[in-house]
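S.K.: Attaching a single structure in structure tokens format; questions to follow.
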Amino acid sequence: MADATRPRADYFLQRDDVGLDRVEHRRDAMGPRPAVESAASVNVVRDDAERRRAVTHYAMIVVTMRGAIIALVVAASAGCSERPRDPLQLDRNILTVDNRTSTDWTDVEIWLNTYYRITVRSIPAKSRFQAPLDTFVAGFGQRFNFHSMQVKDLRLTGKLPDGKPLEIKKQFEASGLAGVLRGAGGKQ
């Protein structure tokens, strides 16, 4: 306890307070008395200082786990809804055309970088068409070389059953300096 005869600063923990007391530890080390005596009397705001807290550590863990489980369920249910897929998909050297509509596409031409092209008589409704990029050919017979050329433009043109024209253009995300300038409001 604090010395009542003269006022002085009492430090909570001093060098001599840290150590091993074999006699104390041989008895009940987890006993009811505090490990460090307080330097002054303490005014407890609550009426019962020994009463357990309303929210225990276990209860906080349970609440956090329930919140995490709810978040996972919401995320999983949002992920289960079918997102609209891009009809023109590139995966390395393979182009996949995904006709998810209920109508057939006829007289289909697929243009790569405005010079290289392949043609397909039709892509039926609810089906896919795949082609390696190396099969795209330019007007004088040059083939697209996937290993040394970059895909910058990809378009599909065709006809719907009622004779209306169909045109789909793949949207590419700008990368490098072009993407930075576009994000900052710059023009291309």
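None of the figures in this text is laboratory data; all of them are computed from the coordinates on show. Because the structure is predicted, anything quoted here is derived from the model rather than measured. All Cβ positions, even for glycine, are placed from backbone atoms using ideal geometry, and neighbour counts span all protein chains on display.
S.K.: Below 8 Å, C-alpha to C-alpha, sequence gap of six or more: please give me the relative contact order for segment 88-183 in percent.
M.R.: In percent, rounded to a whole number, it is 27.
S.K.: Hey, another quick one. How would you rank F144, F129, F172, F136, going from fewest to most other Cβ atoms within 10 Å of each one's own Cβ?
M.R.: So the residues, fewest neighbours to most, are F172, F129, F144, F136.
S.K.: Using label points projected 7 Å from each Cα along Cα→Cβ, tell me how many nm separate K159 and S77, to one decimal.
M.R.: Label at K159, label at S77, 4.8 nm between them.
S.K.: Taking only the alpha-carbon atoms of segment 94-155, what semi-axes of the equivalent ellipsoid follow from 5 times the gyration tensor eigenvalues under a square root, in whole Å, largest first?
M.R.: Numbers: eigenvalues 106, 28, 16 Å².
Taking √(5λ) for each Cα gyration eigenvalue gives 23, 12, 9 Å.
S.K.: Arrange I123, I94, I118 by Cβ neighbour counts within 10 Å, fewest through most, would you?
M.R.: Going from sparsest to densest Cβ surroundings: I94, I118, I123.
S.K.: A further question on this structure: Using the 10 angstrom Cβ neighbour count as an exposure proxy, how do K152, K169, K159 rank, fewest first?
M.R.: K152, K169, K159
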